[in-house]
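Novice: The structure follows.
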Amino acid sequence: IKSDGVQVDLSPPSLLDHSTERLYLNDSSKVSITFNEPLLSLNITSSGERTETVKFVSDLKEDTLFIVIAPPLVSKDSLTFFLTAVTDTRELVTETITVGFNTRLLGDYDDNLEIDIGDITQFVALWPNTDIAPVTGEPPYFFSTPDEVTDLRDAMAFARLWRWSNEPNDTSNTASFQMGEPLDMIITSGGFSVTLPPNARSGELEIHSQN
C-alpha cells in the first residue's frame with residue numbers, strides 16, 4: 001500500500017466566519033458561525049450591551065453553529081455570544097471564542113443606520129401598519145414592545161428617532177437641494193400656514209427664528 005502522507009490534527013478548533021446581518025428587533029433572526037473543522041460539542045452563553053435577556057436556541061451541524069435569536073431586542077444594540085469548551089472530533093479544546101452581532105435601528109427601513117427622508121416615506125406608506133410603540137429608553141436605544149395599536153405614540157416614537165438622527169447634522173445647505181415649486185406660505189403676526197402639494201408623501205420643514 002502506498003500513501004502520499006497522513007494529516008494529523010494537533011490544533012484545537014478556531015473561528016472561520018460568521019453572519020454579519022443586523023438582527024431584527026421584533027422578529028426572529030437566524031445567524032451562523034462557521035469553524036475551521038467539525039465540532040463535537042460546545043457551550044453557549046450570551047449577553048447584550050443594553051438588552052437585558054437574550055433568548056436563543058442553537059443547532060450544531062458539523063462545522064457550523066446556527067443560532068435563532070428571539071425578539072424583542074433593543075434598537076442599535078450589541079450582542080455577544082460566548083462559546084466555551086469548543087471541542088473538535090479529536091477532543092481538542094478551545095476554551096473561549098467570542099462572536100458579536102448588532103441589532104437594527106428602529107424605524108430604519110432601508111437599514112443604513114440613519115433615519116432619513118426615505119424612512120419617513122416608508123413609515124407613511126406603511127401606515128397604519130407601523131406599530132412600533134410603546135418604547136422605553138432614549139433614542140436610538142429604544143426597547144420597542146408593540147401593542148398592536150397604531151396611534152400618536154407610534155408617530156412620536158418615530159419623530160424622536162428622526163430628531164436623534166438629524167439634529168447633529170448641519171442643515172445649512174438644505175436649500176441647495178430644493179426640488180419642485182416653492183410652497184404656498186402665509187405668515188402673520190400670530191403664526192404661519194403652509195399649503196403642501198396634493199401628491200406629497202413626505203418632506204422636511206426647517207424653521208429658523210431670531211431667538
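Novice: Can you give me the % of accessible surface on the chain that is carbon or sulfur? Probe 1.4 Å, all protein chains present, nothing else counted.
Specialist: Numbers: 7170 of 14050 Å².
About 51 percent, which is the carbon plus sulfur part of the accessible surface.
Novice: Taking Cα pairs under 8 Å and at least six residues apart, what relative contact order does the range 4-111 come out at, in percent? Each step should come with its number before you reach the end.
Specialist: Numbers: 245 pairs, mean separation 34.0, N = 108.
Taking the mean separation of contacting Cα pairs over the length of the range 4-111, I get 31 percent.
Novice: Multiply the residue gap between Val194 and Asn26 by 0.36 nm, knock off their C-alpha separation, and tell me the result in nm, one decimal place. Walk me through the numbers before you get to the answer.
Specialist: On the way: separation 168, 0.36 × 168 = 60.48 nm, distance 3.70 nm.
Extending this stretch completely gives an extra 56.8 nm.
Novice: Same structure again: Of the residues Val57, Val86, Val135, which exhibits the maximal mean-square fluctuation in a Gaussian network model of the chain defined by a 10 Å Cα contact cut-off?
Specialist: Evaluated over the chain, the most mobile residue of the options is Val57.
Novice: What are the ³J(HN,Hα) values, in whole Hz, obtained from phi via the Karplus relation 6.51 cos²θ - 1.76 cosθ + 1.60 with θ = phi - 60°, for each residue of the range 72-84 in sequence order, with x given for Gly and Pro?
Specialist: Rounded to whole hertz, the list is x, 10, 6, 4, 6, 9, 10, 10, 10, 9, 9, 9, 10.
Novice: May I pose another question? With a 1.4 Å probe and every protein chain left in place, work out the accessible area per residue of the chain in Å², rounded to a whole number. Don't jump to the answer; show the numbers that get you there.
Specialist: Numbers: 14050 Å² over 211 residues.
With the other protein chains kept in place, the chain gives 67 Å² per residue.
Novice: Suppose each label sits 7 Å from its Cα in the direction of the beta carbon; what would the Glu138-Ile187 distance come out to in nanometres?
Specialist: In this crude spin-label approximation the distance works out to 3.5 nm.
Novice: Still on this structure, please answer the following. How far apart, in nm, are the 7 Å Cα→Cβ label points at Thr121 and Leu40?
Specialist: If labels sit at Thr121 and Leu40, their model points lie 5.7 nm apart.
Novice: For the chain, what's the relative contact order in percent, using C-alpha pairs closer than 8 Å and at least 6 residues apart?
Specialist: On the way: 364 pairs, mean separation 34.1, N = 211.
Here the relative contact order equals 16 percent.
Novice: Using a Gaussian network model on the chain with a 10 Å cutoff between Cα atoms, which of Ser193, Ser14, Ser75 fluctuates the most?
Specialist: Ser193
Novice: So how tilted is helix 152-166 from the main axis of the chain? Cα-based, degrees 0 to 90, rounded to 10.
Specialist: 80 degrees
Novice: Roughly how many nanometres apart are two label points built 7 Å out from the Cα toward the Cβ at Gln7 and Arg153?
Specialist: 5.7 nm
Novice: Non-local amide H neighbours of Lys55 (under 5 Å, H modeled in plane, Pro and chain starts lacking H): which ones?
Specialist: Correct list: Ala70.
Novice: I would also like to ask the following. What are the residues whose amide H is under 5 Å from the amide H of His18, where those residues sit 5 or more places off or on another chain and H is modelled from the backbone?
Specialist: Thr34
Novice: Additional query: Explain nothing, just compute: Karplus ³J(HN,Hα) = 6.51 cos²θ - 1.76 cosθ + 1.60, θ = phi - 60°, for every residue of the range 136-144 in order, whole Hz, x for Gly and Pro.
Specialist: 10, x, 10, x, x, 8, 7, 9, 9
Novice: Okay, moving on. Using the Karplus curve 6.51 cos²θ - 1.76 cosθ + 1.60 with θ = phi - 60°, work out ³J(HN,Hα) for each residue of the range 52-58 in order, rounded to whole Hz, and write x for Gly and Pro.
Specialist: Residue by residue, the range 52-58 yields 5, 10, 9, 9, 7, 10, 10 Hz.
Novice: Now a separate question. May I ask you to derive the relative contact order of the range 54-144, considering only C-alpha pairs under 8 Å and at least 6 residues apart, and to give it as an integer percent?
Specialist: That works out to 25 percent.
Novice: Taking only Cα atoms, what is the 0 to 90° angle, nearest 10, from helix 117-126's long axis to the longest principal axis of the chain?
Specialist: Between the helix axis and the principal axis of the chain, the angle is about 90 degrees.
Novice: Roughly speaking, what is the stretch gain from Asn166 to Thr96, that is 0.36 nm per residue apart minus the C-alpha to C-alpha distance, in nm to one decimal? Mind dumping the intermediate values first?
Specialist: Values: separation 70, 0.36 × 70 = 25.20 nm, distance 4.02 nm.
Full extension of this stretch gives 21.2 nm more.
Novice: Another one. Cross-chain or 8 or more residues apart, Cα under 23 Å: how many lysine pairs in the chain fit that? Count them up, please. Walk me through the intermediate numbers first.
Specialist: Details: Lys30/Lys55; Lys30/Lys61; Lys30/Lys76; Lys55/Lys76.
Value for the chain: 4.
The values are calculated or read from the model by the stated rules, or taken from the named source; none is laboratory data. Since the model is a prediction, treat every value here as computed from it, not as a measurement. Don't worry about glycine lacking a Cβ; one is built from the backbone with ideal geometry, like all the others, and counts go over all protein chains shown. Surface accessibility is based on the protein's heavy atoms, side chains included, excluding ligands, DNA and RNA. Shrake-Rupley method; radii C 1.70, N 1.55, O 1.52, S 1.80 Å.
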